[in-house]
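Coordinate-derived values only; no laboratory data. Computed from a predicted model, the values in this text were never measured in an experiment. Methodologically, a virtual Cβ is constructed for each residue, glycine included, from the backbone with ideal geometry; neighbour enumeration extends over all protein chains shown.
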Amino acid sequence: MISVFVDSLEFDTIIGLLDFERVEAQRVCIDMEFSADEFIDYAKVCEVTQSEFKEQKFYKIEDALEYFSIKFKEK
């Protein structure tokens, strides 16, 4: 089993429930761990995470966690 750790991936994105939170991007910091039976491209994981956060504009971090749990299992 191969494990990949992403520590302190920082970027700006729209996230939050309140109107004022959805006006300007906020800095988020993400730690992730992935395990698989085959190669995991660390750079691709980071790229996809950032682009999907910016595109989806999640309301809650729990929504993002569920989204990525499904998305990365599919890949």
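Its Cα centre serving as origin, the chain has a Cβ charge dipole (Lys and Arg +1, Asp and Glu -1) of approximately 160 debye. For the chain, the mean residue ellipticity at 222 nm estimated from helices alone is -12500 deg cm²/dmol, where every DSSP H run of n ≥ 4 contributes -39500 (n - 2.57) and the total is divided by all residues, rounded to the nearest 500. Arranged from fewest to most other beta-carbon atoms within 10 Å of their beta carbon, 74, 52 become 74, 52.
Residue ranges 53-59, 38-44 sort as 53-59, 38-44 when ordered by packing (mean number of other C-beta atoms within 10 Å per residue, highest first). Against the main long axis of the alpha-carbon atoms of the chain, helix 42-56 sits at an angle near 30°.
Quotient of the Cα radius of gyration of the chain and 2.2 N^0.38 Å, N being its number of residues: 1.15.
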